[in-house]
Each structure stands twice: as C-alpha cells, then as structure tokens.
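Taking it in order: structure first as structure tokens, then the write-up.
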Ligand code: FES
C-alpha cells in the first residue's frame, strides 16, 4: 500500500489516539495525581504531585515567608513535617546545603524545594500565620523541651520619645526599628517570637547544636548594634531623635511549643531560662551598655571576651549567682 494511502486511511485514528492520551493525562492529573497538604488547623490544600509546598501555600493564598524568593538560599520558608515523614523525597542539592549548614532536625524541610508525593501535614515555622484553632495536631500543641538561645531587645527612653513625638511618627520610628531587628534576626536563623510594646523577643533554635544557636544570637545582637547606629543617623536627621536600646542573651533548656488562644497563636519558648534572658536585658540599663550576655552563651559561642569585664549577679529564684558580661558596644564583639 502506498504511504499516502496509509496516511489517508489511518489519519483519523492517529488524531483520536492523541486526543485520548491528552484526556487520560488530564483525568490522571485531576483525579489520581493529587495529594493533600494539611496546614495548622483545618486548612487543607490539594495539589498535583510535583508541586512544592511553597507553591501550595501560594495557590491557597496562605502567608508563607520566602525571603530568597524560593531559590533555596535562605531557610525562611522552612516547615516542620508532622505526618508521613517516611514518604518524603530526599532533599535536593540546594536544600541539603542549606539544611546541613544550620543543622536542622530531619523533619524540618524547605517548603520551596520539597515536592511531596503523598499527603502531608506541615507547620510553617517562620512568621507563619498563627491560629490556635487551626492547630489540630495534638503533638504540635504539647510542646517539647529544647535548648534554645533567647535574645531580648528593648528601646530605652521610649516613654519620653512617645511624649515628644506625634503618634504617627512614633509608629514610623517603631516600624523602622522592628524592621532593622527583624531582618537581622531572620538572616541569622532566628525567629521573631514577640513584639512586646517597644520590646522584641527572638528565639534561636534552628540548629540542633546549642553552640550554633548561641553564636547566631550573638551575631544578630552585634549586627543590630551596627545597624542601629546607621538608623540613628537617619532618625537624628528626620526627628532629632537617637534610638537607644538594650539587649540580653541567655540560653538553656526551655519548653518550645504552640501556645495561645483563638487567632493569637504561635510557637514560642517558655521557662526559667527565658526569664533570665529578659533579666539580662533589664540589667543592660544598670550597666549602661548595649548588651549583657551570660557566661554560658559566651562559652558556647566561643567568644573572645578578653577586653570585656565580667560580673556576678543575683537572679531571683536561683541559688547561685550568674556570671555575666556587660558589653558596651556589641558591634565590637569578635567571633
Ligand atoms: S524561600 Fe528561601 S530557601 Fe525557600
């Protein structure tokens, strides 16, 4: 049979075959290649296999941090996987490099790189939308003991500053200060836990190694000191104001878990060591310095503090005095 007559005879069958394959692919993708991602609470997003968790968040318009834009170059999109961990694909090169660098737990993955092939439950960890009623997984709510480093920051003379300036100007100044501190904390693998008026609490627990967490917390404090100086230059010009601040860092066992009620719900740390970090921040007033760190933090972070004085202070509820290092200019710390 001539080639032209074969084409003439079977052409309709070829076309029909192509259409059937295309329809089968659509049906497979729609009904059989779909998986469910469960976010804290009842929110479930259905996606095709091969979609990243970050894309799932975007599809469902769920707020999800991604400072590097999904390129695997930060860790702000990280999520805790709380079900079906055995089904997870191995991290790709980018994800492995980022996770190895900061030593995250195995069930913490980068949302922009993770393409699950079966149903998962996850909790976004950085600045995720928080809602107590949305956290249905009892494991996530029970909390667990974990060694963390805690940084407290507080503005000095805030009452005076708010008396002298119009309310909108105070909001502007505060937001500048929050933004400087927030960016630095996140770029050093910490997470903003709370804004308490003019105060900030940050938790550094991204690494399994407390030494790494302490180092990250001190680096953040040092960079905040440096950056606040340039912010001060700007504030002097715009408002004739100097923003003064004090910081305290301590580390140790804390209970980390999802806590709150209603829409006010977040993963936070509580315990005696958190109170000590807050107390060290208060002591920075007494020592008229930028930062007070505990000896434990200094040792873990392997800081060279030869040029700084130390002191012993009483901490309420503790039998022994605590050795501290008041640091006048935190930007001068050597690592
Ligand atoms: S968004 Fe930066 S690593 Fe995922």
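At a glance:
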| quantity | calculated |
| --- | --- |
| Boolean, residue 110 is at pLDDT below 85, touching a strand residue (DSSP E or B) at 6+ places or on another chain (Cβ under 8 Å) and either assigned by TED's automatic domain parsing to the domain that holds residue 267 or within 13 Å of the ligand (Cβ to nearest atom) (or both) | no |
| Residue in the stretch 283-290 that is assigned by TED's automatic domain parsing to the domain that holds residue 192 and in a strand (DSSP E or B) present | no |
| Matching residues in the stretch 315-332 - criterion: being under 23 Å from residue 212 (Cα atoms) and assigned to a loop (DSSP other than H, G, I, E, B) | 329 |
| Boolean, residue 58 is free of Cβ contacts under 8 Å to residues at least 60 places away in the same chain and either more than 9 Å from the ligand (Cβ to nearest atom) or part of a helix (DSSP H, G or I) (or both) | yes |
| Residue that is farthest from residue 50 (Cα to Cα) [pool: residues in the stretch 69-98 that are without any contact (Cβ under 8 Å) to a residue 40 or more places away in the chain, within 10 Å of the ligand (Cβ to nearest atom) and surrounded by 18 or more Cβ atoms within 10 Å (Cβ to Cβ)] | 98 |
| Residue in the stretch 177-189 that is touching a helix residue (DSSP H, G or I) at 6+ places or on another chain (Cβ under 7 Å) and modelled with pLDDT under 85 present | no |
| From the options 231, 280, 312, residue that is under 30 Å from residue 166 (Cα atoms) and either assigned by TED's automatic domain parsing to the domain that holds residue 196 or assigned to a helix (DSSP H, G or I) (or both) | 231 |
| Lone unmet requirement of (1) at pLDDT below 85; (2) more than 16 Å from the ligand (Cβ to nearest atom) for residue 127 | (2) |
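Residue by residue, here is whether (1) closer than 14 Å to residue 147 by Cβ; (2) surrounded by fewer than 19 Cβ atoms within 10 Å (Cβ to Cβ); (3) at pLDDT below 85; (4) over 23 Å from the mean Cα position of the chain (by Cα) holds:
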| position | (1), (2), (3), (4) |
| --- | --- |
| 191 | no, no, no, no |
| 198 | no, no, no, no |
| 204 | yes, no, no, no |
| 211 | yes, yes, no, no |
| 223 | no, no, no, no |
| 246 | no, no, no, no |
| 271 | yes, yes, no, no |
| 293 | no, no, no, no |
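For (1) modelled with pLDDT of 80 or more; (2) outside any loop (DSSP other than H, G, I, E, B), each residue gets a yes or a no:
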{"site": "98", "(1), (2)": "yes, yes"}
{"site": "105", "(1), (2)": "no, no"}
{"site": "118", "(1), (2)": "yes, no"}
{"site": "121", "(1), (2)": "yes, yes"}
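The values are calculated or read from the model by the stated rules, or taken from the named source; none is laboratory data. What you see is a predicted model; the values in this text were computed from it and never measured. As a convention, Cβ positions derive from the backbone with ideal geometry for all residues, glycine included, and neighbour counts pool all protein chains shown.
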